[in-house]
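First up is the structure itself, then whatever we jot down about it.
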Amino acid sequence: MSRLFVAVDPPDQVRHALTEVVPRPEGPGVRWVPPDQWHVTLRFLGEADERAAVAALARLRAPRATATIGPRVSRLGRTVVCLPVSGLDDLAGAVEEATIHVGVPPDHRFRGHLTLARLKARAACGVTGTAVSAAFEVGAVRLYRSTLHPDGARHELVAEVALGG
């Protein structure tokens, strides 16, 4: 059993553009997510069998999608600094349907976002409200294994499934 999630990744040129637009000031209680770990989670599976997850995703039938990032850096709850991502609701629904019997039961509340930082206690990082605009075509979904470490989670690619035309 592994801690798993299904996600889409922004391409490198979008990651680079975002690092140019969104400052990453250091501060107490702020843990920035490294750009190479940025993704949009479509479904968190939790502790699940990798083979079952790969088999379920192999049955996924979904068209390509366009992910739109922005318009501003925002907060999700009190501890997550993120970029809203729209355009992936149908894809997230298809992933949920394909993986319904894998891992933890889905919560049916997809909120597309790309996590930039996590905050502890009453920390602030001063980037909320920064204007951001980007979009990218999504041609595949990826299954990741997530391993928790004291300095943040590390994600390893397990499988990739191409989306239809």
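The values are calculated or read from the model by the stated rules, or taken from the named source; none is laboratory data. On a predicted model such as this, the values are computed, not experimentally measured, just so you know. Quick reminder, even Gly has a Cβ in these numbers, built from the backbone with ideal geometry, and neighbours come from all protein chains shown.
In region 20-45, what count of residues is obtained for those that are more than 17 Å from the chain's Cα centre (by Cα) and not in a helix (DSSP H, G or I)?
Step one: list which residues in region 20-45 are more than 17 Å from the chain's Cα centre (by Cα), which gives 20-30.
Checking which are not in a helix (DSSP H, G or I) leaves us with 22-30.
The number of residues fulfilling the criteria is 9.
Based on this model, can you work out whether A17 counts as part of a helix (DSSP H, G or I), surrounded by 15 or more Cβ atoms within 10 Å (Cβ to Cβ) and free of Cβ contacts under 8 Å to residues at least 60 places away in the same chain?
On the way: part of a helix (DSSP H, G or I): yes; surrounded by 15 or more Cβ atoms within 10 Å (Cβ to Cβ): yes; free of Cβ contacts under 8 Å to residues at least 60 places away in the same chain: no.
When the stated conditions are applied, A17 does not pass them.
If you go through region 74-94 one residue at a time, do you hit one that is more than 14 Å from the chain's Cα centre (by Cα), among the hydroxyl-bearing types (S, T, Y) and closer than 11 Å to L42 by Cβ?
Taking every residue of region 74-94 in turn, none turns out to be more than 14 Å from the chain's Cα centre (by Cα), among the hydroxyl-bearing types (S, T, Y) and closer than 11 Å to L42 by Cβ.
Which of the following residues is of a type outside the set (D, E) and crowded, with 16+ Cβ neighbours inside 10 Å: L83, L76? Can you show your working first?
Working: L76 fails: crowded, with 16+ Cβ neighbours inside 10 Å.
The unique qualifying residue is L83.
If you check R118, R142, R122, R109, which single one turns out to be without any contact (Cβ under 8 Å) to a residue 12 or more places away in the chain and either of a type outside the set (D, E) or in a strand (DSSP E or B) (or both)?
On the way: R118 fails: without any contact (Cβ under 8 Å) to a residue 12 or more places away in the chain; R142 fails: without any contact (Cβ under 8 Å) to a residue 12 or more places away in the chain; R122 fails: without any contact (Cβ under 8 Å) to a residue 12 or more places away in the chain.
It is R109.
What tally of residues in region 100-151 results from selecting those that are surrounded by 14 or more Cβ atoms within 10 Å (Cβ to Cβ), at pLDDT below 90 and either of a type in the set (G, A, S) or in contact with a His (Cβ under 9 Å, 6 or more places away or on another chain) (or both)?
2
Can you name the number of the only condition in (1) more than 26 Å from G152 (Cα to Cα); (2) among the small types (G, A, S); (3) part of a loop (DSSP other than H, G, I, E, B) that A94 fails?
It is condition (3) that A94 fails.
Tell me, yes or no, whether region 50-61 has at least one residue that is in a loop (DSSP other than H, G, I, E, B), acidic (D, E) and either modelled with pLDDT under 95 or surrounded by fewer than 19 Cβ atoms within 10 Å (Cβ to Cβ) (or both).
Taking region 50-61 as the starting set, the residues that turn out to be in a loop (DSSP other than H, G, I, E, B) are 59-61.
The next check asks that each one be acidic (D, E); those that pass are none.
Looking for residues that are in a loop (DSSP other than H, G, I, E, B), acidic (D, E) and either modelled with pLDDT under 95 or surrounded by fewer than 19 Cβ atoms within 10 Å (Cβ to Cβ) (or both), one finds none in region 50-61, hence no.
Within the bounds of region 1-8, is there any residue that is assigned to a strand (DSSP E or B), in contact with an Asp or Glu (Cβ under 8 Å, 6 or more places away or on another chain) and within 19 Å of H108 (Cβ to Cβ)?
Within region 1-8 (the criterion being assigned to a strand (DSSP E or B), in contact with an Asp or Glu (Cβ under 8 Å, 6 or more places away or on another chain) and within 19 Å of H108 (Cβ to Cβ)), the answer is yes, since at least one residue qualifies.
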